[in-house]
């Protein structure tokens, strides 16, 4: 037996051990081959993956273009603010991170979660802004605890600011966060989530032009997303500035004049269509709520029955009242139904179609020719004319002066108003026109609805003796699409001679003890017409009841100056103001005076 | 007991040199992958290397026959410690495999590997036939089974696998009949299927499924494999340079200084670094395996062979694991990875090999 030897025979086990080692040697060679494949053959692929791992591209927001008034006063500016974003891919344990983040930033966890929920369809590496509009001193405590919160990203961004606060708020508009749908529907514009975009006013109208081109920085990051370095950046380019025709002085005056009243003031240059002032009251301060979040203040403004966010100048619909008498006069003259010498006797009331209708002046104006009928705003004269004209010729005349359709101002949301006609009534209400309704329309009541801007444009057409007026806010002529030299374009709506007759009446209204005399300014030949809307629509009455307001008449004044070569139109509307001559007239006078002292010099 | 001059002359200085070279290489990469962490891991590893050398020396000065004959007491102690640690040891990283001794922690399961080698050497050395008989197979299964179950309960899949490897190595050497192999295979299939259904924790199952498709779960266990593959692959031929690997320096690579140290080498020194480490390992393993011819008796052959298999197995599993060819089981790379217990166990294993080798002519 081998076991009997001093050294036993171990050849079998040794052979087995050596065999195992040979297998091990082959295995080592095979594994080494696999490493060769990974490191040499697949090198490029893994290198790219490693690069993608350690770099992250961060967007540098571009500032929006400035908005300036016609004199270069900055109306919309940018200032530095900070935003905090959440890197969702770095969140390891939402149950721990979300409460900690909400505590750090002082936002409710519920809000935080709903915010993240809103963007759940976007790739995880896209940061979601969870707080913005922070000042440097607010960012310091967050920055100090940066290492505890690797999932947060703090970045500076230019933030829109409106240095003149409420000035021209309705014209400028405001920004809100772009919706995921908006981003999806505009692939060509390179919009990003959490971007702020123009939501109203000029910010919206010229959003393309005002929005800059974002830059980018390539950051080197570690596995938890901490920034470890930065590569040179591609700088952002600011959006283009826009210069407005608005005059900050005149705009400020208009807003000051409106004060606490609800209403609108529009001033424009009839020769060019440039809007010099467009005020709407009540107003708001967009600084207080622009941002990505919907603060209570904005919700309150939205729900306020006085609708402070609405631009009454282009969206408020009112009966024109006695201002419409100039339309009647122009139409009547043009049709040859009246001449300057045509007189109507006013004894304070008249019976038409079996109904007695009163003049606003119960004692009666006596014998009225056209000039005096306009000057005194005599109802009887225009009732009579209305009966002669009939509704459709009235509608045609109103349409020629731009009523019932958009003026074409470069602001979104403009309303068309309404000029009733037989056709319209049949289509809309399925009932025939009653002749009695014509009589109401003749003095600017009934279903007639106009915006203050439409009245301003109409006044501009009269001032131009028929020359077309396309209102616009942008001063840069070459940038304003469709802006042809307005005064010469198209056929005049009426024979030029008829304008002079109406203008004479409007001149007397202001300068010859007429209803518009409160608008008179020494040294300025102002022509104007007052209006007071006597009938309140059902919806309007309900709205008034909700707002707890007494039902008073709206007060109108619209006029231009100087009489020859007119350079400014002023239209004033004060809701529930009372008589046009008493309320709107003096405001218009102040506007003319301010213009004369500043822009008009 | 003194070491006489003759024994001293028989010491395999080349093997010692290779092992120390690997260990010091490890220290460099531990520094590279953890210098930005508090804790001075590379210094601690140096201390552990010192302790390892001392332990190996202690193992060497006593004739292995002594260690083998006393192995039964070590075995009993090991079972007691494993059972106790299962009950008392505080949970570290989800397993109960750590025991705290004052200021340092140790993983008893690491040292259990060495004890298992000694016990098997004792059992198998008794059987001098060409093949193992049934009784000895059953006894060996039992001896291995008890600590295996205890370690599985910790749960420490990596160490359990190493146990199976040592144990399989002993069987290979002892010789198995075809019939026994078939029975064992059938048995392991049944146990494997049963273990998958009832025994494996969810995270362990996940590791196995992740191996098949790492992209399925890029943030969980697949993340580690992906990052490790990216690190190695992006190293290319010559690597990104010492302490310049973006994957390791920017912490994308998990367990950089421990289980995934070889990924750091692959990233920072490329295929060249990988090749050098493979070459060093090949030389070391060759030196170890081929020492079996120098053993004076059967127990010595078993000791050298099982100790060599222990180190080979850990190395192979580790290099397969970090490149995604084997599930993430938490088996460190011997000598290179940071970790005192593992280092100590592997140094002791080396000590045993050296012990057998230096006493080839010793009189019994």
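The values are calculated or read from the model by the stated rules, or taken from the named source; none is laboratory data. What you see is a predicted model; the values in this text were computed from it and never measured. Backbone-built Cβ (ideal geometry, glycine too); neighbour counts: all protein chains shown.
The table that follows gives values for the structure above.
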read-out: Test set (1) touching a residue at least 60 places away in the same chain (Cβ under 8 Å); (2) part of a helix (DSSP H, G or I) - residue B:335 fails condition number; value: (2)
read-out: Conditions (1) farther than 30 Å from residue B:233 by Cα; (2) assigned to a loop (DSSP other than H, G, I, E, B); number of the one not met by residue A:92; value: (1)
read-out: Helices (runs of 4 or more DSSP H) (entirely within the range B:1-61) containing at least 1 residues that are in contact with a helix residue (DSSP H, G or I) (Cβ under 7 Å, 6 or more places away or on another chain) and surrounded by fewer than 13 Cβ atoms within 10 Å (Cβ to Cβ); value: B:13-34
read-out: All positions within the range B:278-298 that are surrounded by fewer than 23 Cβ atoms within 10 Å (Cβ to Cβ) and more than 8 Å from chain A (Cβ to nearest Cβ); value: B:279, B:280, B:283, B:287, B:294
read-out: Residue match in the range A:135-146 (condition: surrounded by fewer than 15 Cβ atoms within 10 Å (Cβ to Cβ), in contact with a helix residue (DSSP H, G or I) (Cβ under 9 Å, 6 or more places away or on another chain) and more than 22 Å from residue A:287 (Cβ to Cβ)); value: yes
read-out: When residues of the range B:317-332 are limited to those that are in contact with a helix residue (DSSP H, G or I) (Cβ under 6 Å, 6 or more places away or on another chain) and in a helix (DSSP H, G or I), the one surrounded by the most Cβ atoms within 10 Å (Cβ to Cβ); value: B:322
read-out: Failed criterion for residue A:38 (all others in (1) part of a helix (DSSP H, G or I); (2) surrounded by fewer than 16 Cβ atoms within 10 Å (Cβ to Cβ); (3) at pLDDT 85 or above hold); value: (2)
read-out: Candidates A:374, A:380, filtered to the one that is touching a helix residue (DSSP H, G or I) at 6+ places or on another chain (Cβ under 7 Å), part of a helix (DSSP H, G or I), at pLDDT 90 or above and surrounded by 19 or more Cβ atoms within 10 Å (Cβ to Cβ); value: A:374
read-out: Which numbered condition residue B:267 fails, given (1) outside any loop (DSSP other than H, G, I, E, B); (2) surrounded by fewer than 23 Cβ atoms within 10 Å (Cβ to Cβ); value: (2)
read-out: Residue ranges of helices (runs of 4 or more DSSP H) in the range A:284-364 with at least 3 members loosely packed, with under 14 Cβ neighbours inside 10 Å and outside the structural domain of residue A:175 (by TED's automatic domain parsing); value: A:296-303
read-out: Criterion: more than 30 Å from residue A:276 (Cβ to Cβ), in contact (Cβ under 8 Å) with a residue 12 or more places away in the chain and in contact with a helix residue (DSSP H, G or I) (Cβ under 6 Å, 6 or more places away or on another chain) - qualifying residue of A:112, A:104; value: A:112
read-out: Test: residue B:241 is within 8 Å of another protein chain (Cβ to nearest Cβ) and without any contact (Cβ under 8 Å) to a residue 60 or more places away in the chain; value: no
read-out: Number of positions in the range B:300-341 that are away from chain A (no Cβ under 14 Å) and over 21 Å from residue B:283 (Cβ atoms); value: 9
read-out: Residue that is surrounded by 14 or more Cβ atoms within 10 Å (Cβ to Cβ), under 39 Å from the mean Cα position of the chain (by Cα) and not in a strand (DSSP E or B), where the choices are A:126, A:117; value: A:126
read-out: In the range A:547-568, the residues that are modelled with pLDDT under 90 and in a loop (DSSP other than H, G, I, E, B); value: A:548, A:549, A:550, A:551, A:552, A:553
read-out: Condition check for residue A:94: under 23 Å from residue A:230 (Cα atoms) and within 14 Å of chain B (Cβ to nearest Cβ); value: no
read-out: Residue list for the range A:232-275, filter: out of contact with any strand residue (DSSP E or B) (no Cβ under 8 Å at 6 or more places or on another chain) and under 15 Å from residue A:168 (Cα atoms); value: A:249, A:252, A:256
read-out: Residue list for the range B:230-259, restricted to those being surrounded by fewer than 21 Cβ atoms within 10 Å (Cβ to Cβ), over 11 Å from residue A:53 (Cβ atoms) and at pLDDT below 85; value: B:254, B:255
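Quick grid of which residues meet (1) crowded, with 17+ Cβ neighbours inside 10 Å; (2) under 18 Å from residue B:236 (Cα atoms); (3) at pLDDT 90 or above; (4) within 11 Å of chain B (Cβ to nearest Cβ):
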{"residue": "A:19", "(1), (2), (3), (4)": "no, no, yes, yes"}
{"residue": "A:28", "(1), (2), (3), (4)": "yes, no, yes, yes"}
{"residue": "A:48", "(1), (2), (3), (4)": "no, yes, no, yes"}
{"residue": "A:56", "(1), (2), (3), (4)": "yes, no, no, no"}
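Let's see how each residue does on (1) free of Cβ contacts under 8 Å to residues at least 24 places away in the same chain; (2) more than 28 Å from residue A:568 (Cβ to Cβ); (3) touching a helix residue (DSSP H, G or I) at 6+ places or on another chain (Cβ under 7 Å):
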{"residue": "A:206", "(1), (2), (3)": "no, no, no"}
{"residue": "A:214", "(1), (2), (3)": "no, yes, no"}
{"residue": "A:229", "(1), (2), (3)": "yes, yes, no"}
{"residue": "A:239", "(1), (2), (3)": "no, yes, yes"}
{"residue": "A:246", "(1), (2), (3)": "no, no, yes"}
{"residue": "A:254", "(1), (2), (3)": "no, no, yes"}
{"residue": "A:258", "(1), (2), (3)": "no, no, no"}
{"residue": "A:261", "(1), (2), (3)": "no, no, no"}
{"residue": "A:266", "(1), (2), (3)": "no, no, yes"}
